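Asker: Dumping the structure here so I can ask a few things about it.
The values are calculated or read from the model by the stated rules, or taken from the named source; none is laboratory data. Keep in mind that what you see is a predicted model, and the values were worked out from it rather than measured. Ideal geometry is used to build each Cβ from the backbone, glycine not excepted, and the neighbour counts take in all protein chains shown. Note: areas computed on protein heavy atoms with side chains; ligands, DNA, RNA excluded. Shrake-Rupley method; radii C 1.70, N 1.55, O 1.52, S 1.80 Å.
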Amino acid sequence: MQITSNEIREKFIEFFKQKNHAIIPSSSVVPENDPTVLFNTAWMQPLVPYLLWEKHPLWNRLANYQKCIRTWDIDDVWDDTHLTFFEMLWNWSLWDYFKEDSIKYSFEFLTSKNWLWLDPKKIAVTVFEWDEDAPRDEESANIWKSVWIPEDRISYMWKKDNWWSAWDTWPCWPDTEIFYWIWEAEFPPAWSNVKNDEKNWMEIWNNVFMEYNKLPNWKLEKLPSQNVDTGMWLERITATINGVKNIYHTDVFSYIIDKVVQTLNIEKWPDKRRSIRIISDHSRTIAIMISDGVVPSNVDQGYVLRRLMRRAIREAHKLWYKWLFLSEVVWVIIDNLWVYYPHMLEKKDEILDVVLTEEKQFRTTLEKWLKEFDKLISWFEIAFKRSWKKIDTISWDKAFKLYDTYWFPLEMTLELAKEKWLKVDKDWFNKAYKEHQDKSRTASAWKFKWWLADNSKETIALHSATHLLLAWLREVLWDHVHQAGSNITPERLRFDFTHGEKVWKELLSKVEDYVNNAIKNWFKTEITSMTKQEAKSSWVEWSFWEKYPDIVKVYTFLWNDGTIYSRELCWGPHIKDSSDMWTFKIKKEESVSKGVRRIKAVLIKD
């Protein structure tokens, strides 16, 4: 059976529509409500509030396709299954159906001739084995047996394989995972299952059953509500259905690989396979990250983006291609994915400009980096000739000098060293790096859940002041102005915004007067929830629009007579009224990067 990834996506959405599920848009890859991670990496993250306590405003049955990013196994990207960006086909039950319907829906979608029509003889599943905290999941096993999955194809797996728990005290739960036969033989032998023959089965779907809560004393209690959260990798199911073991051999990547080969003017020889796959994977992730508001930097999501871009460029350099190419590859990705993520087309020029600017900058430094590394290797060779002792490890101080003096990332030192059959003393490097970070007090040291240093009264007041600041910047500079970032401590705010030239003192004075007038008039804060499209239609200010979920909170600062001082999407925290604010004073206005300005300001107690 030959079927495209987009056909699978559309079948999935149509199937769950028919099962009375509301279809919601993908969330941004940058999480809204989880400061512990940089990206949405698993299916539960965008809906955590609704899985635990809040009622979802649309419905209690939901489905979508969701963008996800994982980079912790980046060194494996280029093999048959690992990616940095992937799409999950998801469905949720919030306080509605549970194990039986979830398993039967999955089985129907996979095996019915109206949908994917996979052969049930090639399906195997896993369920949770018991431990001292929770019983064996016989219920799921019995449901699988009821749809004619043989007992020999059901594997009971321990907690490390079939149990989800994010933190020490947090809801936790068993899951059942669905696998498909991928070996050369047409059908699996009778004895084969995931537990005793794992290499010949590929995981395609995971059904998570949220039924326990872990208490501080490590005991488990039943949750008052039972939810279902399932996810299926689009890239993996596409490979499986089309009878290939390799996700790069599917239509998900074929057009990207063709563009890479064409642009770099190379052949698809085996010795170039690794570089071609890394460039293809990273280019897709780069396009998605920038479309969701991430820009290259040296901290947090921006650092990951910069690393991926530089890694892709260096792989092209290894193929002896020393010209600009990345934006051409990214463009074909935008042209393919915008149908499902329309904001990518809307932000096409911005995405391509970021890619082109970063590639130009990196090209000027890459040659310098490689020369410095070659000097180090030459020194090793000289030392060997003098002492006849071979050096097989780059010491931490030399690796750190490359980083501290030339901003040479450790991961690039590791990759170059590996190519020369050398190791790097990472432990001591990391200690030196931590000391360096502590001294420089990077932005991430100030990070709180909403880019705030803390949730003190002073910090919340300054965060609220950024709303007023942005509102009047848009009034005096015009509506091309949007927030480009912020960093707020109890002492001051730092606010970045999109604007191409210096803001003169006269205009800054008008901004100060507007903010202070709003504060003196004792405005109050009004919070309303609505769909993102309703907010957009209402001309609500939408900085980082792509990062918000389908249901958004709109914060309005207004006076008793109905005068609106600010109306903006945000996720808090905010003051209740301006009685908690003082006199607003702009201390500095400066350039941050091309097209981005920065204002530093304070609130002064009268």
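Asker: Averaged across orientations, what area in nm² does the convex hull of the alpha carbons in region 211-293 project?
Answerer: 10.1
Asker: For region 522-532, just list the computed ³J(HN,Hα) in residue order, Karplus coefficients 6.51, -1.76 and 1.60, θ = phi - 60°, integers in Hz, with x standing in for Gly and Pro.
Answerer: 6, 6, 10, 9, 10, 10, 10, 10, 7, 6, 4
Asker: Across region 59-175, how large is the tail of the calculated P(r) beyond 25 Å, expressed as a percent of all Cα pairs?
Answerer: Here the tail beyond 25 Å accounts for 38 percent of pairs.
Asker: Run the accessible area of the chain with a 1.4 Å probe and give the carbon-and-sulfur part as a rounded percent.
Answerer: 53
Asker: How large is the helix-only mean residue ellipticity at 222 nm for the chain, computed as the sum of -39500 (n - 2.57) over DSSP H runs with n ≥ 4, divided by its residue count, in deg cm²/dmol to the nearest 500?
Answerer: Value at 222 nm, helices only, nearest 500: -12500 deg cm²/dmol.
Asker: Compute the distance in nm between two label points, each set 7 Å from the Cα along the Cα-to-Cβ direction, one at LYS385 and one at TRP323.
Answerer: 3.8
Asker: How much accessible area per residue does the chain have, in Å², with a 1.4 Å probe?
Answerer: Dividing the accessible area of the chain by its residue count gives 48 Å².
Asker: Another question, then. Given labels modelled 7 Å from the Cα in the Cβ direction, how far is it in nm from GLU198 to THR4?
Answerer: 3.6
Asker: Here is a follow-up. Would you please report the Å³ per residue occupied by the convex hull of the alpha carbon atoms in region 129-228?
Answerer: Measuring per residue, one finds 108 Å³ for the Cα hull of region 129-228.
Asker: Cross-link list LYS375/LYS418; LYS99/LYS219; LYS99/LYS222; LYS505/LYS588; LYS11/LYS245: which exceed 18 angstrom alpha carbon to alpha carbon?
Answerer: LYS99/LYS219; LYS11/LYS245
Asker: I would also like to ask the following. May I ask for log10 I(q)/I(0) of region 269-328 at q = 0.17 Å⁻¹, from a Debye sum over the Cα atoms as equal point scatterers with solvent left out?
Answerer: At q = 0.17 Å⁻¹ the computed log10 ratios are -0.56.
Asker: Return an integer: the convex hull volume of the alpha-carbon atoms of region 282-429, in Å³ per residue.
Answerer: 117
Asker: Sort out for me the Cα centre separation of region 130-157 from region 295-313, rounded to whole Å.
Answerer: Comparing the Cα centres of region 130-157 and region 295-313, I get a distance of 43 Å.
Asker: Step through the table entries LYS347/LYS605; LYS113/LYS348; LYS104/LYS160; LYS348/LYS536, compare each Cα-Cα distance with 30 Å, and write down the pairs that go over it.
Answerer: The pairs that break the limit, which is 30 Å between Cα atoms, are LYS347/LYS605; LYS113/LYS348.
Asker: Another question, then. Put one equal scatterer on each alpha carbon of region 125-175, apply the Debye formula with no solvent term, and list log10 I(q)/I(0) at q = 0.18, 0.20, 0.21 1/Å to two decimals.
Answerer: With one equal scatterer per Cα and no solvent, log10 I(q)/I(0) is -0.56, -0.67, -0.72.
Asker: Hey, another quick one. Any chance you could look up the accessible area of LYS272 with a 1.4 Å probe, heavy atoms only, rounded to 10 Å²?
Answerer: Counting only protein heavy atoms, the figure is 40 Å².
Asker: Same structure again: Explain nothing, just the number: relative contact order of the chain, from Cα pairs under 8 Å at least 6 residues apart, as a whole percent.
Answerer: 11
Asker: Return the Rg/Rh ratio of region 454-526 with Cα-based radii and a Kirkwood Rh.
Answerer: 0.96
Asker: Report, in cubic angstrom per residue, the convex hull volume of the C-alpha atoms of the chain.
Answerer: In the chain, the Cα hull volume divided by residue count equals 193 Å³.
Asker: Now a separate question. Accessible area, 1.4 Å probe, largest first: how do ARG136, ARG311 sort?
Answerer: Solvent-accessible surface, decreasing: ARG136, ARG311.
Asker: Tell me, what is the 1.4 Å probe accessible area of THR498, in Å² to the nearest 10?
Answerer: 40
Asker: Can you pull the percent of Cα pairs in region 225-272 with separation above 16 Å?
Answerer: Value for region 225-272: 55 percent of Cα pairs lie more than 16 Å apart.
Asker: Only bridges whose two residues both fall in the chain count here: according to DSSP, what percent of them are antiparallel, nearest 5?
Answerer: Antiparallel bridges make up about 90 percent of those DSSP assigns within the chain.
Asker: Using a 1.4 angstrom probe on the protein heavy atoms only, line up ASP197, ASP119, ASP353 by accessible area, largest first.
Answerer: ASP353, ASP119, ASP197
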